[in-house]
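These notes concern the structure reproduced below.
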Amino acid sequence: MNFLETAVLVFIGSFLLVYLTIPKIIGVVEYKRLMDDPNQRSSHSRRTPTLGGVSFFFTIIIALFFIKNWHEHTEDIFIIPGLTILFIVGLKDDMVVLSPGSKLIAQVIAIAFILVNDSFGIESLNGFLNIYEIPYYLYLAIGGFLMLTIINSYNLIDGIDGLASIVGIVIMVIYTTIFYLSKEYFFALIAITMNACLMAFFGFNISSSKKIFMGDTGSLIVGFIISVLTLKFLALEPTAYGELPFLLENAPLIAISILIVPLFDTARVFAIRLANKRGPFSPDRNHVHHVLIDFWGLSHKQASFIIGCFNIIFVVLFIILGSKAKNTGMVIMLVSVVIFLAYIFFRYNYNFTTLKQKIRLKRKIESIKGKKENPAKNKNDQE
């Protein structure tokens, strides 16, 4: 069976498996009353079933069994333990809230299974910012931090109906194309499997009568798969870039452009929370999708669609530029775009605006006090 036939069967099988099992999951969740209750920062107003990500887990496990002949370094043996760990942690967190520290430890263990596989080893940045060979310990640090960032940033954007699915679908389509052109068919099939899961789930997530959330059970799994694909993309051999439409040295920037939505949103909310002297993982309504809904009056579908379109346009733009431009110029452009977006969305942030107002008020009070103290001091000096 050739790749195209395998890809079609994997996509159809994965889509149907998720599509047919989610109604059963909804029934069990409703019967067991494992519902997500709305609170002051929620974007939904009624109790909603969660645990939609359960269907992702067993679909990917089954798919890995059928596509195992396409790998070269038994990557599936290392992916399955990581998936299982995050599935268990996500499942427990959806039913009994876990501390950020507990989830972080589980993520580190899951990531360790991937980093020890030679297939994911990043030995060189291929001239990015004039960096070539990198030592093994630096690869472990970079790879571990990268995967942790991706898993948590994807988890954080799962805040409104359809957004995590749309962003995930965009990312999976791009990675499917990249791995197909680079002849890494095993990873292309993983991306196709995840894409089918998200497409099947999307219809339920935006439904008014059969709505379900993927929960941490799903977002941690999807984030883990995205991080695995990203690490593999950066670990491709230089010869694999021959058919790709961008320069080899620009690969790290292309990866950032693919993940721009979750990475930018996470960096932004972390900065806001730290500026407000709160923990970076403390929940709030400061995400980009909350700004689009609360300040611009968009619906969940409209906000998700706009963010998804932005992701596509941003990636296409960087791929076009990456085919000609040197990475130094692209880094400057990326930083400029991020600063511009940060400025726009900071203007619509209530907490950050309030913080600035408090700082200004404090300075005015201190100035008034200083003026009152100075005349009294001058009077004492005259006496």
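The values are calculated or read from the model by the stated rules, or taken from the named source; none is laboratory data. Keep in mind the model is a prediction, meaning the values are calculated, not measured. Cβ placement follows ideal geometry from the backbone for every residue including glycine, while neighbour counts extend to all protein chains displayed.
The set of residues in the stretch 45-57 that are out of contact with any helix residue (DSSP H, G or I) (no Cβ under 7 Å at 6 or more places or on another chain) and in contact (Cβ under 8 Å) with a residue 24 or more places away in the chain contains only 48. In this structure, residue 88 qualifies as under 20 Å from the mean Cα position of the chain (by Cα) and surrounded by fewer than 20 Cβ atoms within 10 Å (Cβ to Cβ). For the stretch 319-349, taking the residues that are part of a helix (DSSP H, G or I) and among the polar types (S, T, N, Q), the one that is nearest to residue 273 (Cα to Cα) is identified as 336. Remark: pairs (first residue in the stretch 279-306, surrounded by fewer than 19 Cβ atoms within 10 Å (Cβ to Cβ); second residue outside any helix (DSSP H, G or I) and modelled with pLDDT under 80; Cβ separation under 6 Å; 6+ apart in sequence or on different chains) = 283/41; 285/41; 295/348. In this structure, residue 316 does not qualify as touching a residue at least 12 places away in the same chain (Cβ under 8 Å), in a helix (DSSP H, G or I) and not aromatic (Phe, Trp, Tyr). Take the conditions (1) part of a helix (DSSP H, G or I); (2) at pLDDT 85 or above; (3) touching a helix residue (DSSP H, G or I) at 6+ places or on another chain (Cβ under 6 Å); (4) not charged (D, E, K, R); residue 310 misses just one of them, which is (3). For beta carbons closer than 9 Å, sequence separation of 6+ or different chains, a first residue in the stretch 129-144 that is under 13 Å from residue 232 (Cα atoms) and a second that is surrounded by 10 or more Cβ atoms within 10 Å (Cβ to Cβ) and not hydrophobic (A, V, I, L, M, F, W, C), the qualifying pairs are 139/121; 139/123; 143/121.
Collect the residues in the stretch 18-36 that are free of Cβ contacts under 8 Å to residues at least 60 places away in the same chain and among the aliphatic types (A, V, I, L, M), keeping them in residue-number order. Listed by number, the residues that qualify are 20, 28, 35. Going through (1) under 30 Å from residue 336 (Cα atoms); (2) of a type in the set (Phe, Trp, Tyr); (3) outside any loop (DSSP other than H, G, I, E, B) one by one, residue 281 falls short only on (3). Pairs linking a residue in the stretch 81-100 that is free of Cβ contacts under 8 Å to residues at least 40 places away in the same chain and closer than 27 Å to residue 117 by Cβ to a residue that is acidic (Asp, Glu) and surrounded by fewer than 21 Cβ atoms within 10 Å (Cβ to Cβ), with Cβ atoms under 6 Å and 6 or more positions apart or on different chains, do not occur.
Would you pick out the residues in the stretch 190-239 that are modelled with pLDDT under 95 and charged (D, E, K, R)? Hits for the stretch 190-239 are 210, 211, 216, 237.
Residues in the stretch 95-126 that are crowded, with 16+ Cβ neighbours inside 10 Å, over 16 Å from residue 233 (Cβ atoms) and not hydrophobic (A, V, I, L, M, F, W, C): 103, 107.
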